[in-house]
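Here, each number is a calculation from the coordinates, and none is a lab measurement. Keep in mind that this is a model prediction, so the values were computed, not measured. Cβ coordinates were reconstructed from backbone atoms using ideal geometry, including for glycine residues, and neighbour counts include every protein chain displayed.
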Amino acid sequence: AQSVTQLGSHVSVSEGALVLLRCNYSSSVPPYLFWYVQYPNQGLQLLLKYTSAATLVKGINGFEAEFKKSETSFHLTKPSAHMSDAAEYFCAVSLNTGFQKLVFGTGTRLLVSP
Amino acid sequence: DTAVSQTPKYLVTQMGNDKSIKCEQNLGHDTMYWYKQDSKKFLKIMFSYNNKELIINETVPNRFSPKSPDKAHLNLHINSLELGDSAVYFCASSQTPSTAQGELFFGEGSRLTVL
């Protein structure tokens, strides 16, 4: 069975500071990994995905994530936070074969202060 | 044009009632999903349909019955509502059911409150 663990239900940063949201996965086979963002009262939107190509993945809005097999991690980073980045971020894992069935983490709320 | 639209956005009802949530996607995708997000924001897949056929059916009470009249629509009917059914239900779609395709497009959610 696959799972993801997101460390920290809340992360607070100042505007302009580095954003680091942590995600560790567990999978018996090579996984596909995703980060989704949920703005208040909206559905989830894909930020980026890792599907076994480059280990450093760039997404929308200046976010990127690095797949590290040795650490079973897929942490999300952004060099400089904007107020508009305040949202809930979800890490998800999927098998690399078969039907798409994302398993989500419990989410991390990013708070950005001026 | 909203890509994945759900109605209603909010639904407040009494225990024991039956209710439906409707979902439509205009992306031309073959695959649609229902996810449930509980009060702790935990998201879990419930069902998936590909071209009107059920392909994923997680351990969900049989009070929940999805129906897909065509590949652009996926509805969720819930019988005999219970307090624990209170959640936000998200509809999503993807181009294919294959995990390699990698992106789900979500609707804005339908918040169900059972009193």
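Please work out if A:Ser52 is in a loop (DSSP other than H, G, I, E, B) and touching a residue at least 12 places away in the same chain (Cβ under 8 Å).
So A:Ser52 fits the description; yes.
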Would a scan of the range A:34-48 turn up a residue that is outside any strand (DSSP E or B), away from every other protein chain (no Cβ under 14 Å) and surrounded by 17 or more Cβ atoms within 10 Å (Cβ to Cβ)? no
Looking only at the range B:9-49, which residues are out of contact with any strand residue (DSSP E or B) (no Cβ under 6 Å at 6 or more places or on another chain) and among the aromatic types (Phe, Trp, Tyr)? B:Phe42
Which residue pairs have Cβ atoms closer than 8 Å, lie 6 or more positions apart in sequence or on different chains, and pair a first residue in the range A:63-78 that is closer than 20 Å to A:Leu18 by Cα and in contact (Cβ under 8 Å) with a residue 12 or more places away in the chain with a second residue that is aliphatic (A, V, I, L, M) and in a loop (DSSP other than H, G, I, E, B)? A:Thr77/A:Leu18; A:Lys78/A:Leu18
Tell me, please, whether a residue that is farther than 25 Å from A:Leu46 by Cα and either in contact with a helix residue (DSSP H, G or I) (Cβ under 6 Å, 6 or more places away or on another chain) or touching a residue at least 60 places away in the same chain (Cβ under 8 Å) (or both) can be found in the range B:2-10. no
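What are the residues in the range B:31-52 that are in a loop (DSSP other than H, G, I, E, B), surrounded by fewer than 17 Cβ atoms within 10 Å (Cβ to Cβ) and not hydroxyl-bearing (Ser, Thr, Tyr), if any? First the steps, then the outcome.
Taking the range B:31-52 as the starting set, the residues that turn out to be in a loop (DSSP other than H, G, I, E, B) are B:38-42, B:51-52.
If we keep only those that are surrounded by fewer than 17 Cβ atoms within 10 Å (Cβ to Cβ) as well, we get B:38-40, B:42, B:51-52.
Passing the criteria: B:Asp38, B:Lys40, B:Phe42, B:Asn51, B:Lys52.
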